[in-house]
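Undergrad: Once you've had a glance at the structure underneath, I'll fire off some questions.
The values are calculated or read from the model by the stated rules, or taken from the named source; none is laboratory data. A quick note: this is a predicted structure, and the numbers were derived from the prediction, not measured. FYI the Cβ positions are ideal-geometry reconstructions off the backbone, even for glycines, and counts take in every protein chain you see. The accessibility values were calculated without ligands, DNA or RNA, using every heavy atom of the protein model including side chains. Shrake-Rupley method; radii C 1.70, N 1.55, O 1.52, S 1.80 Å.
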Amino acid sequence: MGKCSVTAMFCVAALTLLALSGAEASNRAGNGRKFDVPAIFSFGDSTADAGTNTFLANPAFLANFTPYGQTYFHRPTGRFTDGRLWIDFLAQEFGLPVMRAYLDPSFKDYTKGVDFASAGSGNFEATKTMLAAIFEGGTVVNTDEQIRQFRQVKASLIRTLGKTAAARLLARSIYVFSTGSNDISWGYLLNATMQEIYTPDQFTTRIINSLYDSIQALYAEGAKKIVINGLGPIGCLPGNVKSNNGSCVEPANNMTKLFNSKLPELQQRLTLKCPGSFIIFTDKYDFVANIIKNGSEHGFTKGSTACCGTGPFNGDVGGCGSVDANGTALYNLCPKEKLGEYVFWDYAHPTEKLYHLVSGIYMNGGTKYMKPFNISQLAHC
């Protein structure tokens with residue numbers, strides 16, 4: 001316990017000196033600051049999937065078709081949004097390329113990081129099994145599998161850089177976990193068996209404990225700087241409000257808030273268990289909920305209605321990009337000049353604009369949204 005406390009105190013002292021002296025580290029961010037962050041490794045679900053599902057034989061969810069990717073890449077990249085994800089903005093802040101999927105066969109240079117996230121994934125095999133039952137055998141890459149893939153990346157880095165240099169790169173890199181919503185949505189709220197076995201409190205504790213095990217596993221492989229992404233109001237997604245007369249589904253929101261309420265204790269447990277680590281978590285729930293309800297300050301006028309999709313609120317799962325047998329579009333799509341008014345791109349995923357706002361508060365925000373400090377400060381630990 002003492003060792004962790006001393007390490008944390010050293011980081012706080014270093015951050016204070018950095019702020020006073022303007023000292024800088026190695027790689028330059030877009031805003032002129034410099035950081036010693038050689039790579040980002042990303043784990044989780046569709047909120048961080050940079051194209052993983054495109055390379056699965058039978059994915060439960062896909063976004064490798066028009067109009068996905070229209071804003072920044074001007075082509076579909078497998079990301080479940082119109083452009084970049086928050087993790088892409090984070091990478092660019094550190095002067096790194098946008099994220100690339102580990103399963104992309106054309107990408108093998110892991111020295112600046114790689115993305116393992118898979119849309120639909122969760123922390124439990126039961127979540128994956130539930131999705132397969134609903135989506136005719138459709139699969140995802142769950143968290144345990146992503147950790148195993150990371151071990152393969154580590155082995156590759158050791159072969160490329162040597163053991164000492166690889167260990168140094170891994171220790172200086174940032175690791176992001178963005179997961180949990182699919183366990184709640186598909187693995188619990190749509191799974192009567194799980195609801196009979198576990199209360200919401202017990203189930204969210206299971207997710208927390210699974211995250212604890214996953215992050216410990218990463219730490220054992222050399223990870224030191226870790227970000228746990230808290231959940232937003234998933235009950236207010238277009239795919240949920242469409243079945244609730246336009247109102248947010250409060251049982252879903254209550255579970256995400258319950259999950260988020262357990263992150264401080266998870267962060268403390270991990271910090272004590274993992275000497276020399278720096279673990280922070282995000283708390284964006286209120287920020288996003290307020291934008292959905294009244295985002296006019298940021299130009300948002302469309303709260304829980306998606307820009308792209310079919311059905312009420314454009315909330316049908318898989319509606320965005322759907323075509324008939326002749327290739328004729330069946331979906332609605334907001335005009336490009338109006339896209340900035342939408343919080344959501346499709347039935348469950350934010351627009352690039354919202355991801356940009358969120359990444360900004362993660363990088364530079366105060367302790368209201370980032371605890372115990374933000375990612376910019378984490379980079380200097």
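Undergrad: How much net charge surrounds Tyr219 when only the other residues with a Cβ under 11 Å from the Cβ of Tyr219 are counted, with Lys and Arg +1 and Asp and Glu -1?
TA: Here the count lands on +1.
Undergrad: Within the range 68-105, whose backbone N sits under 18 Å from a point 7 Å along Cα→Cβ of Asn364?
TA: 86-96
Undergrad: Ok, one more. Apply the Karplus curve 6.51 cos²θ - 1.76 cosθ + 1.60, θ = phi - 60°, to the phi angles in the range 218-223 and return the couplings in whole Hz, x for Gly and Pro.
TA: After applying 6.51 cos²θ - 1.76 cosθ + 1.60, I find 5, 4, 5, 8, x, 6 Hz.
Undergrad: When all C-alpha to C-alpha distances in the range 59-138 are sorted into bins of 10 Å, what percent of pairs does each bin hold, rounded to whole numbers?
TA: For the range 59-138, the binned pair fractions read 17, 40, 34, 9, 0 percent.
Undergrad: Quote the charge dipole size of the range 22-153 about the Cα centre in Debye, to the nearest 20; the model charges only the Cβ of Lys and Arg (+1) and of Asp and Glu (-1).
TA: 360
Undergrad: What fraction, in whole percent, of alpha-carbon pairs in the range 88-183 exceed 15 Å separation?
TA: Here the tail beyond 15 Å accounts for 65 percent of pairs.
Undergrad: How large is ³J(HN,Hα) for each residue in the range 280-285, as worked out from phi by the Karplus curve 6.51 cos²θ - 1.76 cosθ + 1.60 (θ = phi - 60°), to whole Hz, x for Gly and Pro?
TA: Residue by residue, the range 280-285 yields 10, 9, 9, 9, 9, 3 Hz.
Undergrad: Summarise the long-distance tail of P(r) for the chain by giving the % of C-alpha pairs beyond 25 Å.
TA: 53
Undergrad: Toward the positive end of the charge dipole of the chain, about the Cα centre and with charges on Cβ (Lys, Arg +1; Asp, Glu -1), which of Ser296, Pro233, Ser359 goes farthest?
TA: In the chain, that residue is Ser359.
Undergrad: Here is the link list: Lys112/Lys293; Lys128/Lys224; Lys302/Lys368. Which ones come out longer than 31 Å on Cα distance?
TA: Lys112/Lys293, as the Cα separations exceed 31 Å there.
Undergrad: Collect residues whose amide H, placed 1.01 Å from N in the peptide plane, falls under 5 Å from the amide H of Thr139; neighbours closer than 5 in sequence don't count.
TA: Asn58, Ala60
Undergrad: Simple spin-label model, 7 Å along Cα-to-Cβ: Ala217 to Asp36 in nm?
TA: 3.0
Undergrad: Note the full-extension length gain between Ala192 and Glu297 as 0.36 nm times their separation in residues minus their Cα-Cα distance, in nm to one decimal.
TA: 33.8 nm
Undergrad: Enumerate the aspartates and glutamates that Lys262 could reach by cross-link, defined here as Cα to Cα under 13 Å, with residues fewer than 8 away along the same chain left out.
TA: Partners within reach: Asp201, Asp283.
Undergrad: When the helices in the chain are scored as -39500 (n - 2.57) per DSSP H run of 4 or longer and the sum is shared across all residues, what 222 nm value do you end up with, to the nearest 500 deg cm²/dmol?
TA: My calculation for the chain gives -12000 deg cm²/dmol from helical runs alone.
Undergrad: Leaving out ligands and nucleic acids, and using a 1.4 Å probe, what accessible area per residue does the range 65-167 come to in Å²?
TA: Heavy-atom SASA per residue in the range 65-167 reads 41 Å².
Undergrad: Run the numbers on the range 171-278 and let me know its relative contact order in percent, using alpha-carbon pairs under 8 Å that are six or more apart.
TA: The value is 36 percent.
Undergrad: Among residues other than Gly230 whose Cβ falls under 11 Å from its Cβ, what is the net charge (Lys/Arg +1, Asp/Glu -1)?
TA: +2
Undergrad: Under a Cβ-only charge scheme (Lys and Arg +1, Asp and Glu -1), can you give me the dipole magnitude of the chain about the Cα centre, in debye to the nearest 20?
TA: Approximately 1320 debye in magnitude.
Undergrad: Right, another one. Taking every Cα atom in the range 195-339, find the radius of gyration and the maximum pairwise distance Dmax, and write them in Å.
TA: Using the Cα atoms of the range 195-339, the pair Rg, Dmax is 19.3, 59 Å.
Undergrad: A further question on this structure: How far apart, in nm, are the 7 Å Cα→Cβ label points at Ser106 and Ile158?
TA: About 3.1 nm, to one decimal.
Undergrad: What would the Debye equation give as log₁₀ I(q)/I(0) for the range 170-256 at q = 0.16, 0.19 Å⁻¹, counting only Cα atoms as equal point scatterers?
TA: -0.71, -0.88
Undergrad: Can you list residues whose amide H is under 5 Å from Gly44's amide H, if they're 5+ apart or on another chain and H is modeled 1.01 Å from N?
TA: Ala117, Ser118, Ser178
Undergrad: Separation of the range 253-286 and the range 99-140 by C-alpha centroid, Å?
TA: Value for the Cα centre distance between the two parts: 23 Å.
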